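One structure below.
Please treat every number below as a calculation from the coordinates, not as lab data. Quick caveat, the model's predicted, so the values are computed rather than measured. As a convention, Cβ positions derive from the backbone with ideal geometry for all residues, glycine included, and neighbour counts pool all protein chains shown.
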Amino acid sequence: MTAVRLSGVDMVFNPGTGQEVKALAGIDLAVGQGEFVSLIGPSGCGKSTMLRLIGDLISPTVGAVAVNGKTPSAARIDRDYGMVFQSATLLEWRKIRANVELPLEIMETDKGERRERAEAMLELVGLADFADHYPWQLSGGMQQRVSIARALAFEPSILLMDEPFGALDEMTRERMQAELLRIWSETRTTVVFVTHSIPEAVFLSNRVVIMSPRPGRITRAVDIDLPQPRNRETREDQRFFELLTSVRDGLRAVEDM
Amino acid sequence: MSAGGRRVLAFLGILTVFVLLWEGYKWMGVTAGGVWPGTSIELPVRTNERSMPHVWDILFALFRPARRGGDLLLWVLLRAALFTWRSALLGFAFGSLVGFGLGVMFVRSPLAERGLMPYVVASQTVPILAIAPILVVWAGRLSVPRWVVVAVISAYLAFFPVAINTLRGLRSPQAEASELMTSYAASPRQVLWKLQAPAALPYLFPALKIAATAAVIGAIVGELPASMPDGLGRAILNFASAFSAAPAKLFASILVASLLGIVFVGAVAGAERAVVPQSMRLDAAETPAAVQEATA
Ligand SMILES: Nc1ncnc2c1ncn2[C@@H]1O[C@H](COP(=O)(O)OP(=O)(O)OP(=O)(O)O)[C@@H](O)[C@H]1O
Ligand SMILES: [Mg+2]
């Protein structure tokens, strides 16, 4: 079954004004249930716009978006989405535990279950000991892990992640990628992941979608046939390097356009 | 030394400087005969006992009967201050609620903001001296106690900074935080109480401090047209008309009136320390900018 389907989607911002921007044109994309898909492409090619369309934060100018067989807004009201942004976006007046509980509070989960879920999620991202800290007492990478725990807390069927590891150093980043894959294999969520990093996209994904700018289009999709589970050895695999090269070639082609 | 200790010390230090300046100026005027030393240019303010009593005379005045055979001036003034504070407190509470409510309304409806904000700003340019008697006359038909009418006058001044800063505070969360709430399909009420209102607290408290002083001023001024005999307003008016005969009494009532304001603001600051974590507190300097921005 498809989790996300975009058909013939155009996105035009400020249509009919001097500031008209054609952000996306003729987008067709289907993401299967439980699939991990990365979007990669030069800055301004509409990756964030695509995530926001799927997540019902904006609506397409032309075309249709379907999520789990529903409209995006029905999916949002059914709480199908877990969002992770580039910045952790934690509420600074809430302790870590309360930040993870936030979506559960909004969904009116009862208190005992809320607490249990939050504890389990913090365990999952390795921050159980920091439940009673405030966000500013945590490093950037730890904060980002909290925001992942928060997104997973209510078991959304789709994770939308917009450059979540963009601000991290290389080592933390690789550790976070491994953790994300572990979580993904344990929860079997569908993930749409935006990144600028080729190795990150190849390491994480089932499929890497390459986009070109002005207007944003999908130019190519590369299937990543690396075996699961992926780990440190994966990054030294001959096939890993071949796939890096083919994604890089795809991006070069975009830049030469 | 603790932060609290340093604050007290700084306060006392500045107080000492004020006293020294006052007495130094007075001493200079008295020894040089009312002119700048070595010149024949007159001092801007006379330094005789009728214009500038000694600081200790002002303090002594507090501990002498206000009128022959009556209570000490200090008790008279403190009673008046307490009486005025009742109106100021009610006005502060009422004004803050109205201000907060307006902020919430404006953040929800840009149309309401565009339509009403000019009136909110204009309300503060109308002199309170003109509004107060009108309110008193209007309330005359209703059987509202007069100190409550004074509270309404005080609320009229207090609501403004709270409305402006509440609005600014409710708008302070970054776009991604609002989008996060949207992605959870949170109701407008949940967005208000779980995101916007907590984010507004650091903006709200500086405004509440301004509102506290405005409420005191509003109550003192409001007592005059309401012809309240028991408050600070009447006391100040009385001592002002007797200024040339007994100047120390007017200065003493100024001292007590500002003490009232300081205690009030101090209470709000205490609440701020209890409610807003240190890492979220704003620089006090940000508030005037917010108010200026909104009135511009
Ligand atoms: N709300 C908006 N109003 C007007 N134009 C917008 C808006 N959001 C995005 N755009 C435009 O749409 C285009 C795509 O933007 P988008 O943020 O999706 O790019 P991106 O691929 O995520 O880039 P980056 O890698 O830098 O994050 C850009 O030209 C941008 O200026
Ligand atoms: Mg982006």
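When you work out D = kT/(6 pi eta Rh) for the protein assembly as shown at 20 °C and 1.002 mPa s, using the Kirkwood radius from C-alpha pairs as Rh and the Stokes-Einstein form, the result is 75 µm²/s. Positive end of the dipole of region B:57-295 (Cβ unit charges, origin at the Cα centre): among B:MET105, B:LEU224, B:PRO277, the Cα lying farthest that way belongs to B:LEU224.
If you take all other residues with their beta carbon under 13 Å from the beta carbon of A:SER38, and give Lys and Arg +1 and Asp and Glu -1, the sum is -2. Here A:ASP249, A:ASP56, A:ASP129 are placed in order of increasing Cβ neighbour count within 10 Å, fewest first, which gives A:ASP129, A:ASP249, A:ASP56.
Rounded, prolate or oblate: which one fits chain A, using the alpha carbon gyration tensor with axes a ≥ b ≥ c (rounded when a/c is under 1.5, else prolate when a/b beats b/c, else oblate)? Oblate shape, in that a/c is at least 1.5 and b/c is the bigger or equal ratio. Rounded to the nearest 20, the size of the Cβ-charge dipole of the protein assembly as shown about its Cα centre is 2200 debye, with Lys and Arg at +1 and Asp and Glu at -1. Applied to region B:106-123, the Karplus parametrisation 6.51 cos²θ - 1.76 cosθ + 1.60 on θ = phi - 60° returns per-residue 3J(HN,Hα) values of 5, 6, 7, 10, x, 5, 4, 5, 4, x, 9, 3, x, 6, 4, 5, 4, 4 Hz, with x for Gly and Pro. Could you tell me which residue out of A:SER212, A:SER246, A:TRP184 lies farthest along the dipole of region A:164-257 toward its positive end? Charges go on the beta carbon: Lys and Arg +1, Asp and Glu -1, centred on the Cα centre. Farthest along the dipole direction, towards plus: A:SER212. Shape class for region B:1-52: prolate, because the ratio a/c of the largest to smallest gyration tensor axis (alpha-carbon atoms, square roots of eigenvalues) is 1.5 or more and a/b beats b/c. Cα axis of helix A:111-124 to longest principal axis of chain A: angle in degrees, 0 to 90, nearest 10? The helix A:111-124 is inclined about 60 degrees to chain A. Cross-link partners among lysines for B:LYS209, C-alpha distance below 27 Å, same-chain residues fewer than 8 apart left out? Result set, ordered by chain and number: B:LYS194.
Annotation: amide H of A:LEU159 within the under-5 Å range of A:GLY82, A:THR190, A:VAL191, A:VAL192, sequence separation 5 or more or interchain, hydrogens built in the peptide plane.
For B:VAL35, the residues 5 or more places off, or on other chains, whose built amide H falls under 5 Å of its own are B:LEU43.
To check you understand DSSP bridge types, tell me what percent of the beta bridges within the protein assembly as shown (both residues inside) are antiparallel, rounded to 5. The answer is about 55 percent antiparallel.
Taking the Cα centre of region B:1-52 as reference, the dipole from Cβ charges on Lys and Arg (+1) and Asp and Glu (-1) amounts to some 220 debye.
Shielding by partners for peptide A:87-99, expressed as the average number of C-beta atoms from other protein chains within 10 Å of each residue's C-beta, is 3. For region A:219-228, the Karplus equation 6.51 cos²θ - 1.76 cosθ + 1.60, evaluated at θ = phi - 60°, returns couplings of 9, 6, 10, 10, 6, 9, 9, 6, x, 9 Hz by residue, with Gly and Pro reported as x. Neighbour counting of Cβ atoms within 10 Å sorts the residues B:TYR119, B:TYR25, fewest neighbours leading, into B:TYR119, B:TYR25.
Of the peptides B:140-146, A:75-81, B:62-68, the order by per-residue mean of other Cβ atoms within 10 Å, starting with the highest, comes out as A:75-81, B:62-68, B:140-146.
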